[in-house]
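> The structure under discussion is supplied below as structure tokens; questions concerning it will follow.
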Amino acid sequence: MMQERLSFDFPANTVNLEKIGELAAHAGHTAGFSEAEIGDIQLAIDEVCTNTIIHGLKKDPTRTFQLIIQWQSGEIEILIYEAGDPFDPEGIQVPDTGAPLEERSVGGLGIYLVREVMDEVTYGTDEDGVKTLYMAKRVK
Ligand SMILES: Nc1ncnc2c1ncn2[C@@H]1O[C@H](COP(=O)(O)OP(=O)(O)O)[C@@H](O)[C@H]1O
Ligand SMILES: [Mg+2]
């Protein structure tokens with residue numbers, strides 16, 4: 001198959017997460033991923049878009065982020081462009097999943113999970129200072 005590409009500007013509102021999950025499932029099916037892999041892709045896209053909406057854009061529905069999903073047989077790529085609050089992804093601590101629940105810090109599991117299920121996760125900044133996130137996954 002030829003590469004397919006979808007691009008959207010979504011307002012920073014969590015109501016958009018359902019639609020984003022459906023788009024990810026459509027792309028994953030067409031690219032030939034298993035149901036389990038599609039579930040993982042949906043988890044990853046939900047986590048990073050939730051972070052963008054809540055942490056980056058502070059749920060301000062007048063602000064938008066760009067979501068690009070592109071795929072071909074055996075591979076999906078997801079890109080997010082978001083001009084929200086800066087953060088240092090290197091500064092996020094790997095959660096101690098072995099520690100008892102009451103000793104673990106709240107939050108911080110999302111990006112950890114995303115890195116577990118995706119083959120590549122790269123945070124960056126483009127030439128205009130807009131935060132970028134690139135994720136890719138290939139069929140096993
Ligand atoms: N798009 C983003 N913009 C700003 N900060 C972010 C973004 N994504 C993640 N972060 C920061 O990284 C932290 C860890 O994210 P995550 O692992 O998803 O945990 P959680 O969302 O539960 O706090 C967040 O608490 C937030 O401080
Ligand atoms: Mg999160």
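> Which of (1) closer than 24 Å to R5 by Cα; (2) surrounded by fewer than 18 Cβ atoms within 10 Å (Cβ to Cβ); (3) out of contact with any Ser or Thr (no Cβ under 7 Å at 6 or more places or on another chain); (4) in contact (Cβ under 8 Å) with a residue 40 or more places away in the chain is the odd one out, the single condition R115 does not satisfy?
Exception for R115: condition (4).
> Ok, one more. Within the range 6-43, which residues are open to solvent by 30 Å² or more (accessible area, probe 1.4 Å), within 18 Å of V139 (Cα to Cα) and touching a strand residue (DSSP E or B) at 6+ places or on another chain (Cβ under 7 Å)?
T30 - this is the single residue of the range 6-43 that is open to solvent by 30 Å² or more (accessible area, probe 1.4 Å), within 18 Å of V139 (Cα to Cα) and touching a strand residue (DSSP E or B) at 6+ places or on another chain (Cβ under 7 Å).
> Of all residues in the range 44-92 being under 13 Å from A136 (Cβ atoms) and charged (D, E, K, R), which is farthest from ligand 1 (Cβ to nearest atom)?
Only one residue tops the list, namely E75.
> Follow-up question, since we're still on this one. Report, by residue number, each residue of the range 118-130 that is open to solvent by 40 Å² or more (accessible area, probe 1.4 Å), more than 19 Å from E35 (Cβ to Cβ) and at pLDDT 95 or above.
Answer for the range 118-130, where residues must be open to solvent by 40 Å² or more (accessible area, probe 1.4 Å), more than 19 Å from E35 (Cβ to Cβ) and at pLDDT 95 or above: E120, T122, Y123.
> May I ask you to list the residues in the range 48-73 that are surrounded by fewer than 19 Cβ atoms within 10 Å (Cβ to Cβ) and in contact with a Gly (Cβ under 6 Å, 6 or more places away or on another chain)?
Selection gives S73 alone.
> Return yes when L133 is modelled with pLDDT of 80 or more and part of a strand (DSSP E or B) and no when it is not. So that I can check it myself, show each step before the final result.
Details: modelled with pLDDT of 80 or more: yes; part of a strand (DSSP E or B): yes.
Yes.
> Every residue in the range 93-112 that is within 12 Å of ligand 2 (Cβ to nearest atom), open to solvent by less than 60 Å² (accessible area, probe 1.4 Å) and modelled with pLDDT of 70 or more, please.
Taking the range 93-112 first, the residues within 12 Å of ligand 2 (Cβ to nearest atom) are 95, 106-112.
Going one step further and asking which of them are open to solvent by less than 60 Å² (accessible area, probe 1.4 Å), we end up with 95, 107-108, 110-111.
The answer is G108, G110, I111.
> Of all residues in the range 1-32, how many are without any contact (Cβ under 8 Å) to a residue 24 or more places away in the chain, touching a helix residue (DSSP H, G or I) at 6+ places or on another chain (Cβ under 7 Å) and aliphatic (A, V, I, L, M)? So that I can check it myself, show each step before the final result.
From the range 1-32, those without any contact (Cβ under 8 Å) to a residue 24 or more places away in the chain are 15, 18-19, 22, 25-26, 29; that's our starting set.
With touching a helix residue (DSSP H, G or I) at 6+ places or on another chain (Cβ under 7 Å) added as a condition, the list becomes 25, 29.
After this cut, where a residue has to be aliphatic (A, V, I, L, M) as well, the list is 25.
Result for the range 1-32: 1.
The values are calculated or read from the model by the stated rules, or taken from the named source; none is laboratory data. Everything numeric here is computed off the predicted structure, so don't read it as measured data. Note that each Cβ is placed from the backbone with ideal geometry, even for glycine, and that neighbours are counted across all protein chains shown. The protein model used for the area step is the full one, side chains on, heavy atoms only, and it has no ligands, DNA or RNA in it. Shrake-Rupley method; radii C 1.70, N 1.55, O 1.52, S 1.80 Å.
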